[in-house]
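The values are calculated or read from the model by the stated rules, or taken from the named source; none is laboratory data. Computed from a predicted model, the values in this text were never measured in an experiment. Positions of Cβ are backbone-derived with ideal geometry, glycine not excepted, and every protein chain shown enters the neighbour counts. Ligands, DNA and RNA are excluded from the accessible area calculation, which covers all protein heavy atoms including side chains. Shrake-Rupley method; radii C 1.70, N 1.55, O 1.52, S 1.80 Å.
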Amino acid sequence: MATIKDVAKRAGVSPSTVSRALSGKVPVDKETRERVMEAVRALNYKPNILAKGLKEGRTNTVGLIVPNICNPVFPAVARGVEDVAREHGFTVILCNTDENIEAEKDYVEKLQKRWVDGFIFATAREESQHIFELKEKGFPVVLVVRHMDQAVDAVVIDNYKSSFEAVKYLINTGHRRICIINGDTSLTLYKERFEGYRHALQAAGLPIMPELVLDVAGRDDNGYGAVTAMLKKGILPDAVFATSDPRAIGAIRAIKDCGLSVPGDISVVGFDDLDISAFLDPPLTTVSQPLYEMGARAARRLIDMINGGKSGQPKVELVEANLVIRKSVKVREH
């Protein structure tokens, strides 16, 4: 593999002249530059990006840390991050933690040693102290999908409002016994979605029925087992609000396997608006998260930080989410 010294020797210049010619930041006369570029092509020289980064103090590389790449939310976010990063000349290193906090810390330590310029975390939770520590050290950090508090920049949706509006829609269409399938409430987003559900019921004067609150955190069947068990006990809601589309899919399957219909017997509303949601039977009414846009905005925010263009206090940016009405909800008599 050719080195910068080989290029310099072939072009008849010093290695520092080659470096200046390739950087484009320092004027080099046209004839010298042409000799350098001819030598680069002839030797198929590839600059050592890491060495260049060490010299300049940056590598145009960012780390994207996600909790579960099998969850269809995160590939959409990752695509938004990567498209914007590529547009600005950055490379993205994707790390999957499987919600393992120690694995996440290990990734962060290794990527810092490789001189990444910043991090985007989709993994934030109550115990993510290492994220605060990075921020306190002045390291560029942006959160996406999940956030902790106002101390770290983030791009998220208003989970409380979105959940409130989804449950309010069910109430306005005549539903009174509304089940919720919720995730891990140690995560802010699921805590906020539950609060939206609870306050929508309260605002309508409806009771919160404990038997209709299904916590499926840590389970791999997306609520299928919990909904099946509820129905087999004779507990029959007239609607299910699932806090993710995969949980809505699990609910629909459980309802049908128990001999009931959607939306004839039980309406279902999801949360995400994954690509598959429009093609289910029936097509799923769901809260649409602009996942690609969230990833893109997070990348722009991070690159702005890296380039020194951001000032002021950290900001949690709320991206608009909308309820997409399809055919999984039946209008019932009040």
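Remarks
Here is a yes/no grid of residues against (1) surrounded by fewer than 13 Cβ atoms within 10 Å (Cβ to Cβ); (2) within 30 Å of Ala299 (Cα to Cα); (3) modelled with pLDDT under 90:
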position: Val26; (1), (2), (3): yes, yes, yes
position: Glu31; (1), (2), (3): yes, no, yes
position: Thr59; (1), (2), (3): no, yes, yes
position: Ala78; (1), (2), (3): no, yes, no
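- Within segment 135-155, the residues that satisfy the criterion of being among the charged types (D, E, K, R), part of a loop (DSSP other than H, G, I, E, B) and open to solvent by 10 Å² or more (accessible area, probe 1.4 Å) are Lys137, Arg146, Asp149.
- If you filter segment 87-134 down to residues that are assigned to a helix (DSSP H, G or I) and β-branched (Val, Ile, Thr), you find that the one that is most open to solvent (accessible area, probe 1.4 Å) is Ile101.
- In segment 243-263, the residues that are among the aliphatic types (A, V, I, L, M) and either within 18 Å of Leu214 (Cα to Cα) or buried (at least 21 other Cβ atoms within 10 Å of the Cβ) (or both): Ala248, Ile249, Ala251, Ile252, Ala254, Ile255, Val262
- Meets criteria (open to solvent by 30 Å² or more (accessible area, probe 1.4 Å), assigned to a loop (DSSP other than H, G, I, E, B), charged (D, E, K, R) and at pLDDT 95 or above) for Arg198: no
- Scan of segment 264-291 for residues that are open to solvent by less than 30 Å² (accessible area, probe 1.4 Å), farther than 19 Å from Asp221 by Cα and either touching a Pro at 6+ places or on another chain (Cβ under 8 Å) or assigned to a helix (DSSP H, G or I) (or both), ordered by number: Ile266, Pro282, Leu291
- The residue that is farthest from the chain's Cα centre (by Cα), counting only those in segment 215-229 that are modelled with pLDDT of 90 or more and either in a helix (DSSP H, G or I) or aliphatic (A, V, I, L, M) (or both), is Ala229.
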